[in-house]
Amino acid sequence: MLNAAFFTFNPFEENTYILFNHQKQCWIIDPGMYGSDEIKHFTDYISKNDLQPQAIINTHTHIDHILGVQALIDKYNIPFGIHKKEIPLLNAGPASAMLFGFDLKEAPKPTFFIEEGKPLVLGEDTLEVYFTPGHSPGSVSFYYPKGNWVIAGDVLFAGSIGRTDLPGGDFDTLINSIRTQLFILPDDTTVFSGHGESTRIIDEKRYNPFLKEN
């Protein structure tokens, strides 16, 4: 069984997730820590819990979700995976960093690609991968049926949806992704988002002003 822990980092208040099993193996999702204090806080958690990082897997590659990637690659020598359609966005990271006043001289390099419909396996546990573009060209969501939750990045929030006015974003594509990929999950599925509090599929169907079903 996978357990999930999350941390909120950087000025964008981005949610970074750790998934770990009973063997202490772990995945790191969307590492957004910035600066030595945030990196130390995160790596101290890993050390104190005797976790063994296996890979970094990103829902997408906007600057606030990749700020801590290289530090973790350097420390743990672990692979970094994204959807192939995120490459242009990832490569634009240094320019985005400069725009927002962050120090990111070089974009981290992916070592494998995450594919929709191809599960990710950690020990005895499996994450299903859903292709959910619209906020970015290659956004993916990670669904864990055993735990009844999905990590949706910046696709779906409590009472809102991801921005579509950034490069590669598209409103109609995003709405379609949510309806055809996330709203097919059980209504009581918990949604862990890239920012803010968690929500449930049923609540977003009922109350989200962008998605409310009549």
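The values are calculated or read from the model by the stated rules, or taken from the named source; none is laboratory data. All of these numbers come straight from a predicted model, not from anything done at the bench. When we count neighbours, we look across all protein chains shown, and the Cβ atoms used for this are built from the backbone with ideal geometry, even at glycine. In case anyone asks, the SASA skips ligands and DNA or RNA and just uses the protein heavy atoms, side chains included. Shrake-Rupley method; radii C 1.70, N 1.55, O 1.52, S 1.80 Å.
Shape class for the range 102-173, computed from the alpha carbon gyration tensor (a ≥ b ≥ c): oblate, with a/c not under 1.5 and a/b at or below b/c. Counting lysine pairs in the chain that sit 8 or more residues apart in sequence, or on different chains, and whose Cα atoms lie under 19 Å apart gives 13. Once the Cβ-Cβ distance of THR126 and ALA95 is raised to the sixth power relative to R0 = 41 Å, the FRET efficiency obtained is 0.70.
For Rg and Dmax of the Cα atoms in Å, the choices are (1) 16.1, 50; (2) 17.4, 57; (3) 16.9, 50; which was calculated from the structure? It is the one labelled (1). Using alpha carbons only, how many angstrom separate the centre of the range 152-198 from the centre of the range 1-75? Cα centroid to Cα centroid, the span is 21 Å.
Run through the range 1-49 and list the GluC sites (Glu not before Pro) located in a DSSP loop whose Cβ has at most 15 other Cβ atoms within 10 Å.
GLU13
Just to be sure I understand: with springs between alpha-carbon atoms less than 10 Å apart, which residue in SER141, SER36, SER198 has the highest mean-square fluctuation in the Gaussian network model of the chain? Looking only at SER141, SER36, SER198, the biggest GNM fluctuation is shown by SER36.
Here the range 130-214 has an Rg and Dmax of 11.5, 35 Å, counting Cα atoms alone. Note on the range 1-105: Cα convex hull, mean projected area over all directions, 6.4 nm².
For the range 40-99, the calculated P(r) over all alpha carbon pairs, in 5 Å bins from 0 to the bin holding the longest distance, is 4, 16, 25, 24, 16, 9, 5, 1 percent. For a paramagnetic label modelled on ASN77 (point 7 Å from Cα along Cα→Cβ), amide N atoms under 15 Å away are absent within the range 102-127.
Convex hull volume of the C-alpha atoms in the range 111-153, normalised per residue: 79 Å³.
Taking the Cα centre as origin and putting +1 on Lys and Arg beta-carbons and -1 on Asp and Glu beta-carbons, what dipole magnitude results for the range 74-192, to the nearest 20 debye? That gives a dipole near 240 debye. In this rough spin-label picture, where each label sits 7 Å from Cα along the Cβ direction, the LYS48-GLU197 distance is 2.5 nm.
Per residue, the convex hull spanned by the Cα atoms of the range 63-140 amounts to 96 cubic angstrom.
In the range 37-126, taking the dipole from charged Cβ atoms about the Cα centre, the farthest positive-side position among LEU90, ASN58, PHE80 is held by LEU90.
When shorter helices are ignored and each DSSP H run of at least 4 residues is given -39500 (n - 2.57), the per-residue value for the chain at 222 nm works out to -6000 deg cm²/dmol. With all protein chains in place and a 1.4 Å probe, the accessible surface of the chain carries 52 percent carbon and sulfur. Here the chain is treated with +1 on each Lys and Arg Cβ and -1 on each Asp and Glu Cβ, and its dipole about the Cα centre works out to around 260 debye.
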